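Q: Shown below is the structure under consideration.
The values are calculated or read from the model by the stated rules, or taken from the named source; none is laboratory data. Please read all numbers here as calculations on a predicted model, not as lab measurements. A quick note on method: Cβ atoms are made from the backbone with ideal geometry, for glycine too, and the neighbour counts reach across all protein chains shown.
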Amino acid sequence: MEYGRFPAYRARRMRADETVRQFIRETELSVRDFIYPLFVKPGEGRRDEISSMPGVYQLSLDMLKAEMDELLGLGVRSVLLFGLPSHKDECGSEAYDDHGIVQEAIRVIRAEAPEMHIITDVCMCEYTSHGHCGKLTATGEVDNDATLAWLAAEAVSHARAGAHMVAPSDMMDGRVAHIRRALDEAGFSQVPIMSYSTKYASGFYGPFRDAADSAPAFGDRRAYQMDPANAEEGVREAAYDIAEGADLVMVKPALSYLDVLRRVKSELRFPTVAYNVSGEYSMVKAAAANGWIDEKRVVIELLTSMKRAGADMIITYHAKEAARWLAEEN
Ligand code: PBG
């Protein structure tokens, strides 16, 4: 194809007014793209702000109704639940307890805000006393195969409580197939799996580990989460999970991995989720609080870039503010 040359061609002609800019805009960010992460905890009347994540709260169950009303009022229709259990042990038993904090939260949301779509994070790190994402061997490594049964039990327990979708974030090999089989056997063949397929061992999870109280007591997660240097492997991880039955795949974190997101989307052509993680949120908040950046402008730019890179959905702590800003623009 031959393109015209200056002065016959002038790119600025198409940028001169907003109507024309809108005509040729390639990416449209919408409140329908957002999934809002939510931290639920025991107790009453609790709405505790996370110090490293201003504007994000840990909520007790009695606070969920108001939170759902606010989200639905803004047009945010989907939440991703994380639990802070009342009790942690070696085998993370509250993760797969039918009366665990997440299971109870699902029931409350189902009863009080039936239009809300509920996704649950399926992992062990919030529930184990050692903070790792699975069962430990005698020498302190995470035992992949022994962890699979726990994860499957957790996912089934979430589905039984009424979760619409489950999202395993543990990075054990084979967990998608294992969870799929367990869900099907329990009668939940209609519950989709959103796999955290391409999850990197990232410094950007720092504030989340305060929020969910899930920092490992020793070592780190590099023996199961991915090396930030690898893109090819990131695409392969998503392909394995699709083969095992994942309905959606994910790239996490988002910002430093938009190249991987683009590749996963274009090479596999599957519904793809971006997780705009805690550290990415906190950086924006800190810079904005100092007056160093225009928060609204930067947040919309960041979320738009995730969509442009190939995300069908974005999990983001900015969802409420972004929903307000998008509504103002229309
Ligand atoms: C659980 C999990 C983590 C996040 C989502 N699910 C933490 C981790 O893997 O250490 C991070 C989310 C965020 O930083 O916003 N395994």
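Q: Just for segment 81-126: of the residues that are more than 29 Å from D69 (Cβ to Cβ) and under 18 Å from the mean Cα position of the chain (by Cα), which one is surrounded by the most Cβ atoms within 10 Å (Cβ to Cβ)?
A: Restricting to residues being more than 29 Å from D69 (Cβ to Cβ) and under 18 Å from the mean Cα position of the chain (by Cα), the top hit is M124.
Q: Which condition number does A16 fail, the rest of (1) touching a residue at least 24 places away in the same chain (Cβ under 8 Å); (2) over 28 Å from L248 (Cα atoms) being met?
A: (1) is the only condition that A16 fails.
Q: Turning to a different aspect of this structure: Please go through segment 268-295 and pick out each residue that is surrounded by 15 or more Cβ atoms within 10 Å (Cβ to Cβ), within 20 Å of A309 (Cα to Cα) and away from the ligand (no atom under 16 Å from the Cβ).
A: L268, F270, P271, T272
Q: Output the number of the condition that A182 fails; it satisfies all remaining conditions of (1) touching a His at 6+ places or on another chain (Cβ under 8 Å); (2) hydrophobic (A, V, I, L, M, F, W, C); (3) more than 16 Å from the ligand (Cβ to nearest atom).
A: That leaves (1) as the condition not met.
Q: Let me ask something else. Out of the residues in segment 82-104 meeting the condition of being of a type in the set (S, T, Y) and part of a helix (DSSP H, G or I), tell me which one is nearest to M194 (Cα to Cα).
A: Across segment 82-104, the extreme among qualifying residues is Y96.
Q: Further question on the same structure: Scan segment 282-295 and report the pairs whose first residue is closer than 22 Å to A211 by Cα and whose second residue is at pLDDT 95 or above and of a type in the set (D, E), with Cβ atoms within less than 7 Å and a gap of 6+ or a chain change.
A: Going by the 7 Å Cβ cut-off, the qualifying pairs are V284/E295; A288/E295.
Q: Something else now. Just need a number here: residues in segment 136-153 that are within 16 Å of the ligand (Cβ to nearest atom) and crowded, with 21+ Cβ neighbours inside 10 Å.
A: Of the residues in that region, 5 qualify.
Q: Give E126, E154 a once-over and let me know the one that is among the acidic types (D, E), assigned to a loop (DSSP other than H, G, I, E, B) and touching a residue at least 40 places away in the same chain (Cβ under 8 Å).
A: E126 is the lone residue from the list that is among the acidic types (D, E), assigned to a loop (DSSP other than H, G, I, E, B) and touching a residue at least 40 places away in the same chain (Cβ under 8 Å).
Q: D48 is checked against (1) without any contact (Cβ under 8 Å) to a residue 40 or more places away in the chain; (2) charged (D, E, K, R); (3) within 19 Å of A113 (Cα to Cα) and fails just one. What number does that condition carry?
A: Single failed check for D48: (3).
Q: Here is a follow-up. So D210 fits all but one of (1) at pLDDT below 95; (2) surrounded by fewer than 18 Cβ atoms within 10 Å (Cβ to Cβ); (3) touching a Leu at 6+ places or on another chain (Cβ under 9 Å); what number is the exception?
A: Exception for D210: condition (3).
Q: Is it true that K265 is in contact with a strand residue (DSSP E or B) (Cβ under 8 Å, 6 or more places away or on another chain), part of a helix (DSSP H, G or I) and within 15 Å of the ligand (Cβ to nearest atom)?
A: Answer is no for this residue.
Q: Report yes if some residue within segment 235-246 is closer than 30 Å to S189 by Cβ, more than 13 Å from the ligand (Cβ to nearest atom) and not in a helix (DSSP H, G or I); otherwise report no.
A: Checked segment 235-246: at least one residue is closer than 30 Å to S189 by Cβ, more than 13 Å from the ligand (Cβ to nearest atom) and not in a helix (DSSP H, G or I).
Q: Separate question: Can you tell me which residue within segment 53-83, out of those that are free of Cβ contacts under 8 Å to residues at least 40 places away in the same chain and not charged (D, E, K, R), is nearest to R324 (Cα to Cα)?
A: Across segment 53-83, the extreme among qualifying residues is G73.
Q: Something else now. For D227, state whether it is within 13 Å of the ligand (Cβ to nearest atom) and free of Cβ contacts under 8 Å to residues at least 60 places away in the same chain.
A: No; evaluated as a whole, the condition is false for this residue.
Q: Search segment 296-321 for residues being without any contact (Cβ under 8 Å) to a residue 60 or more places away in the chain and among the hydrophobic types (A, V, I, L, M, F, W, C), and hand back the single one that is nearest to L72 (Cα to Cα).
A: Checking each candidate, the answer is V299.
Q: Could I ask something else about it? Check R324, R262 and return the single one that is surrounded by fewer than 18 Cβ atoms within 10 Å (Cβ to Cβ), under 21 Å from E232 (Cα atoms) and of a type in the set (K, R).
A: Just one listed residue meets the conditions, R262.
Q: Kindly evaluate Y224 against the criterion of being under 30 Å from R47 (Cβ atoms) and buried (at least 16 other Cβ atoms within 10 Å of the Cβ).
A: no
Q: How many of the residues making up segment 154-179 are within 16 Å of the ligand (Cβ to nearest atom) and either among the small types (G, A, S) or surrounded by 22 or more Cβ atoms within 10 Å (Cβ to Cβ) (or both)?
A: The number of residues fulfilling the criteria is 14.
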